[in-house]
Amino acid sequence: MTQIETQMTQLRLQGMAQSWKIMLETRRTHELSLSEGLELLLQAEQEQRGNRRFSRLVKSAHFRYQASIEELNFDPSRGLDKSLVSSLAMGRYIEKGEAVLITGSAGCGKSFLASALGQQACAQGYSVEYANAQKLLLRSKMARIEGSSLKFFDKLAKTNLLILDDFGLTHLDNQQQLDLMEMIEDRHGRAATIISSQLPVESWFDVIGEPTIADYPNIYIMRSL
């Protein structure tokens, strides 16, 4: 290991160290100018840091599926709007704190689509929380019992993208309605939310029991058949 490589490792510049080692082995150090070599080293470091951040974000998101936008099936029979998905893949809805609702029958690929959008968000550097809606509300209930609800809701509010999967499988009690309302209110206009459900949106009033939540604004709706 050269002194330069050692110093890079000590400074935790792993991408630069690896690139420097390859440059030495291929004798590119003799072919490149100082500025050209430095540019390659910095690019390697940036790429590795981006990859590490992506891995951390994906791990902490707890996606149901390891999915990507490229894997989506846009067969006309599925009812997916390719142009809308492509638009969402750019991430502007996250910047604007908007919502995406995905509805369709069981097994049609709602969770896969939500996971793909979530992983795309991670690739863009956004933090994501993926959760079954009922389990998330159970977590909020436990947080209240343990006296950590403020921390729980604060962490959730700071997450760039919240994905609530399988929404509407059971009716919500009064406390669950209040918890869901708090989650949505904390995110309104500040952070994005994706909600997937087997129920059509017009049936959400019956499940939620609160028109304020059911009339969530700034919405993109996708129906997967």
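The values are calculated or read from the model by the stated rules, or taken from the named source; none is laboratory data. This structure is a prediction, so every number in the text was calculated from the model and none was measured. So basically every Cβ, Gly included, is an ideal-geometry build from the backbone, and we count neighbours across all protein chains shown. Please note that ligands, DNA and RNA were not included when accessible areas were found on the heavy atoms of the full protein model with its side chains. Shrake-Rupley method; radii C 1.70, N 1.55, O 1.52, S 1.80 Å.
ARG223 meets each of the listed conditions (1) open to solvent by 30 Å² or more (accessible area, probe 1.4 Å); (2) at pLDDT 85 or above; (3) on the phi < 0 side of the Ramachandran plot apart from (2). Take ALA106 and decide whether it is under 30 Å from ASP75 (Cα atoms) and under 15 Å from the mean Cα position of the chain (by Cα). Against the criterion (under 30 Å from ASP75 (Cα atoms) and under 15 Å from the mean Cα position of the chain (by Cα)), ALA106 does not qualify. Of the listed requirements (1) in contact with an Asp or Glu (Cβ under 9 Å, 6 or more places away or on another chain); (2) assigned to a helix (DSSP H, G or I); (3) free of Cβ contacts under 8 Å to residues at least 60 places away in the same chain, ARG56 misses just one: (1). Among the residues making up the stretch 76-86, those that are assigned to a helix (DSSP H, G or I) and either in contact (Cβ under 8 Å) with a residue 24 or more places away in the chain or more than 17 Å from the chain's Cα centre (by Cα) (or both) are PRO76, SER77, ARG78, LYS82, SER83, LEU84, VAL85.
I'd like to check something: does the stretch 10-32 contain any residue that is touching a Leu at 6+ places or on another chain (Cβ under 6 Å), assigned to a helix (DSSP H, G or I) and polar (S, T, N, Q)? Checking the stretch 10-32: at least one residue is touching a Leu at 6+ places or on another chain (Cβ under 6 Å), assigned to a helix (DSSP H, G or I) and polar (S, T, N, Q). Could you please let me know if ARG49 is among the charged types (D, E, K, R) and outside any helix (DSSP H, G or I)? No.
Pairs are defined by a Cβ separation below 9 Å, a sequence spacing of at least 6 or placement on different chains, a first member in the stretch 25-45 that is of a type in the set (Val, Ile, Thr), and a second member that is part of a helix (DSSP H, G or I) and open to solvent by less than 70 Å² (accessible area, probe 1.4 Å); the pairs so defined are THR29/TRP20; THR29/MET23; THR29/GLY37. Residues that are farther than 30 Å from GLN46 by Cβ and modelled with pLDDT under 90 number at least 2 in none of the strands (runs of 3 or more DSSP E) confined to the stretch 108-210. Yes or no: LYS82 closer than 26 Å to ARG53 by Cβ and surrounded by fewer than 17 Cβ atoms within 10 Å (Cβ to Cβ)? Taking the combined requirement at face value, the residue does not satisfy it. Scanning the stretch 144-171 for residues that are hydrophobic (A, V, I, L, M, F, W, C), open to solvent by 20 Å² or more (accessible area, probe 1.4 Å) and either within 25 Å of the chain's Cα centre (by Cα) or at positive phi (or both) gives LEU150, PHE152, ALA157, LEU169. Annotation: GLN66 fulfils all but one of (1) part of a helix (DSSP H, G or I); (2) in contact (Cβ under 8 Å) with a residue 40 or more places away in the chain; the unmet one is (1).
When residues in the stretch 88-107 are screened for being under 19 Å from LEU162 (Cα atoms) and either open to solvent by less than 50 Å² (accessible area, probe 1.4 Å) or part of a loop (DSSP other than H, G, I, E, B) (or both), 13 of them pass.
Scanning the stretch 62-90 for residues that are closer than 18 Å to CYS108 by Cα and of a type in the set (Gly, Ala, Ser) yields ALA67, SER68, SER77, GLY79.
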